[in-house]
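First up is the structure itself, then whatever we jot down about it.
We did not get these values from a lab; they are worked out from the coordinates using the rules stated. Because the structure is predicted, anything quoted here is derived from the model rather than measured. Cβ sites come from the backbone with ideal geometry, for glycine too, and all protein chains shown count toward neighbours.
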Amino acid sequence: MTETLERWSASLARELDIADFEVDIDAVLALAGVAAHAVLRPAAPLTTYLVGYAAGRAAALGEASGEEATARASEIAAALARSLER
């Protein structure tokens, strides 16, 4: 599974013209898992999308590096999901 996800991630990153960005697949899947279990399963893709958007925005505004912005947004999302755990 990991090899397939790595290939998919690299291919998609190239197509999106962000090939130089390294995706931490394990971190993305862990965050998706927290959202899916604490909120609802459909919260997983929504959460990862919003975290990516927020991180990209923060990095574009110069508020943090891409990695720092991603880590911060992920922490916020995971904490919120855990606080709403059903």
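From the list GLY33, GLY56, GLY62, GLY66, the one residue that fits, being on the phi > 0 side of the Ramachandran plot and either among the small types (Gly, Ala, Ser) or surrounded by 14 or more Cβ atoms within 10 Å (Cβ to Cβ) (or both), is GLY62. Being of a type in the set (A, V, I, L, M, F, W, C) and touching a Lys or Arg at 6+ places or on another chain (Cβ under 7 Å) narrows it down to one residue among ALA38, ALA27, ALA54, ALA81; which is it? Testing whether each residue is of a type in the set (A, V, I, L, M, F, W, C) and touching a Lys or Arg at 6+ places or on another chain (Cβ under 7 Å) leaves just ALA38.
Specify the residue that is nearest to GLY33 (Cα to Cα); the eligible residues are those in the stretch 59-85 that are acidic (Asp, Glu) and in a helix (DSSP H, G or I). So the residue we want is GLU75.
Being closer than 26 Å to ARG7 by Cβ and of a type in the set (A, V, I, L, M, F, W, C) holds for only one residue in ALA43, ALA64, ALA58, ALA71, and it is ALA71. Just one of (1) loosely packed, with under 14 Cβ neighbours inside 10 Å; (2) under 13 Å from ALA78 (Cα atoms) fails for VAL28. It is (1).
Residues that are among the aliphatic types (A, V, I, L, M), within 16 Å of ALA30 (Cα to Cα) and surrounded by fewer than 16 Cβ atoms within 10 Å (Cβ to Cβ) within the stretch 72-86 comprise ILE76, ALA79, LEU80, listed in sequence order.
Scanning the stretch 1-52 for residues that are basic (Lys, Arg) and either in contact with a Cys (Cβ under 7 Å, 6 or more places away or on another chain) or not in a helix (DSSP H, G or I) (or both) turns up just one, ARG41.
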